[in-house]
Amino acid sequence: MELAETIFRVGVGIGALLVGIGLLVAVIALLPAVRDIRALAADSRRLARLAERDVPDLVAQARSVAANAELLTEDLAVRLEQSRVQSGDAGEDEQIA
């Protein structure tokens, strides 16, 4: 019985040692991934700061462009109402009002 218990304890010890070695190997293998994750986190923070700084200006420019486009559309509508448009394919006596 003592021999079986000794063999069991040696087996458990070897198993625990192998698990520890496996964990150590896994940690060493994951070190490059940890460095990459830290670099990605730093890049994400940098991009967030850039977005916080630049988005208000971009929104203001987009509003300006939208306002200008609205004015140009209204101006074009007024000009079209004031003049007749004739298709190049229309006959001499045909006009599009």
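The values are calculated or read from the model by the stated rules, or taken from the named source; none is laboratory data. In this text the structure is predicted, and so the values were computed from the model without any measurement. So basically every Cβ, Gly included, is an ideal-geometry build from the backbone, and we count neighbours across all protein chains shown.
Condition check ((1) of a type in the set (D, E, K, R); (2) assigned to a helix (DSSP H, G or I); (3) modelled with pLDDT of 90 or more) across all residues:
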residue	(1), (2), (3)
Ile14	no, yes, yes
Gly22	no, yes, yes
Ala33	no, yes, yes
Asp43	yes, yes, yes
Leu50	no, yes, yes
Val55	no, yes, yes
Leu58	no, yes, yes
Leu71	no, yes, no
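Just to check your reading of the model, which residue among Ser64, Ser83 is exposed (fewer than 10 other Cβ atoms within 10 Å of the Cβ) and of a type in the set (S, T, N, Q)? Outline the logic, then answer.
Values: Ser64 fails: exposed (fewer than 10 other Cβ atoms within 10 Å of the Cβ).
None of the others qualify; the one that does is Ser83.
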